[in-house]
Amino acid sequence: MILNMTVNGREVRVDVPESKRLLDILRDDLLLTGTKEGCGVGECGACTVIVDDAAVNACLVLSAQLTGSRVETVEGLDRGGHLSPLQQAFLEHGAVQCGFCTPGMLMSAIALLRKNPRPTEAEIRTALAGNLCRCTGYAPITEAILAVVAAGDHV
Ligand code: FES
Ligand code: FES
């Protein structure tokens, strides 16, 4: 099928099988390798991207579901070669260790902050419940998000 969609604000058109996973379209067809594959079955959150304002697991979304969709990936956070405020906060709070979970964490956090710009710590933890991290113990990630909220930064 010919799939037309928007990725990070850019219109894209790819020729893919109807059953191709969004994760593979991003990584293989569009060379956006920031989105990671962990489990491949919807359990780790490493592949989280935003589709039409909702955080989704890109390993569970197929081409046939994507026509006309608005997809956002970690690459879309780029601010002209600089980190976004949320990325900077992750760095400053030690929320990035091996970094494998980080793109998915960032996208889940952004989806939350757009819906709820002033989340509590409990709300942040609930929103990130589907994103597994084996390194940080989660506290630095929560602290980074709370710091951005406290500063009123646009994520
Ligand atoms: S790779 Fe998609 S949820 Fe783990
Ligand atoms: S920083 Fe390593 S899995 Fe989260």
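You will find that of A151, A129, the residue that is within 16 Å of ligand 1 (Cβ to nearest atom) and more than 13 Å from A95 (Cα to Cα) is A129 and no other.
For the range 52-70, the set of residues classified as open to solvent by less than 70 Å² (accessible area, probe 1.4 Å), within 20 Å of L132 (Cβ to Cβ) and either assigned to a loop (DSSP other than H, G, I, E, B) or out of contact with any Cys (no Cβ under 6 Å at 6 or more places or on another chain) (or both) consists of A54, A55, V56, A58, C59, V61, listed by residue number.
Identify, please: which residue in the range 84-111 is out of contact with any helix residue (DSSP H, G or I) (no Cβ under 6 Å at 6 or more places or on another chain) and outside any helix (DSSP H, G or I) and is, among those, surrounded by the most Cβ atoms within 10 Å (Cβ to Cβ)? So, considering only residues that are out of contact with any helix residue (DSSP H, G or I) (no Cβ under 6 Å at 6 or more places or on another chain) and outside any helix (DSSP H, G or I), the one surrounded by the most Cβ atoms within 10 Å (Cβ to Cβ) is C101.
Here the range 129-144 is the region considered, the condition is being closer than 14 Å to A46 by Cα and in contact (Cβ under 8 Å) with a residue 24 or more places away in the chain, and the residue that is surrounded by the fewest Cβ atoms within 10 Å (Cβ to Cβ) is R134. Among residues of the range 91-111 that are of a type in the set (A, V, I, L, M), those with a beta-carbon under 7 Å from a residue that is within 7 Å of ligand 2 (Cβ to nearest atom) and part of a helix (DSSP H, G or I) at least six positions away or on a different chain give the pairs V96/T102. A single member of G76, G81 is open to solvent by 60 Å² or more (accessible area, probe 1.4 Å) and more than 16 Å from ligand 1 (Cβ to nearest atom), and it is G81. Taking first residues from the range 55-78 that are within 13 Å of I110 (Cβ to Cβ) and of a type in the set (D, E) and partners that are assigned to a strand (DSSP E or B) and open to solvent by less than 60 Å² (accessible area, probe 1.4 Å), the Cβ contacts under 6 Å between residues at least 6 apart in sequence or on separate chains come to E72/I50.
Selection of the range 21-35 for residues being within 16 Å of ligand 1 (Cβ to nearest atom), open to solvent by 50 Å² or more (accessible area, probe 1.4 Å) and assigned to a loop (DSSP other than H, G, I, E, B) yields only T33.
Please specify each residue of the range 71-81 satisfying the condition of being acidic (D, E), more than 23 Å from T126 (Cα to Cα) and not in a helix (DSSP H, G or I). Spell out how you get there, then give the answer.
Our first condition is that a residue be acidic (D, E); within the range 71-81, this holds for 72, 75, 78.
Subset that is more than 23 Å from T126 (Cα to Cα): 75, 78.
Selection gives D78 alone.
Here the condition is being closer than 25 Å to V71 by Cα and modelled with pLDDT of 95 or more; of A150, A122, A127, it holds for A127 alone.
The values are calculated or read from the model by the stated rules, or taken from the named source; none is laboratory data. Note that the structure is a prediction, hence the values are computed from the model and not measured. Neighbour counts are summed over all protein chains in view; Cβ atoms, including those assigned to glycine, are modelled from backbone coordinates with ideal geometry. For accessibility, only protein heavy atoms count, side chains too; no ligands or nucleic acids. Shrake-Rupley method; radii C 1.70, N 1.55, O 1.52, S 1.80 Å.
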